[in-house]
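The values are calculated or read from the model by the stated rules, or taken from the named source; none is laboratory data. In this text, all values refer to a predicted model and were calculated from it rather than measured experimentally. So basically every Cβ, Gly included, is an ideal-geometry build from the backbone, and we count neighbours across all protein chains shown.
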């Protein structure tokens, strides 16, 4: 079965649309700042292909959030009790 003209036109239109999108992404990647930094980059690493991979391992596994919050509350309470309520008259 032969391809009709309207089928070819639709396929060509989709192909060029994808090519334009890829070209825009290439330009965006070329203009990217090499010194750009995000904190998530510290948790990830690059694989053999050079792509960035996010680590699922938590390095702070011994960190207890509840204990930390409780210690902050007690420190704040101790600070408040020693200084007393601030009165602005």
Residue 11 fails exactly one of (1) at pLDDT below 80; (2) in a helix (DSSP H, G or I); (3) over 29 Å from the mean Cα position of the chain (by Cα), namely (1)
Scan segment 37-59 and tell me whether some residue there is exposed (fewer than 10 other Cβ atoms within 10 Å of the Cβ), at pLDDT below 85 and assigned to a helix (DSSP H, G or I). yes
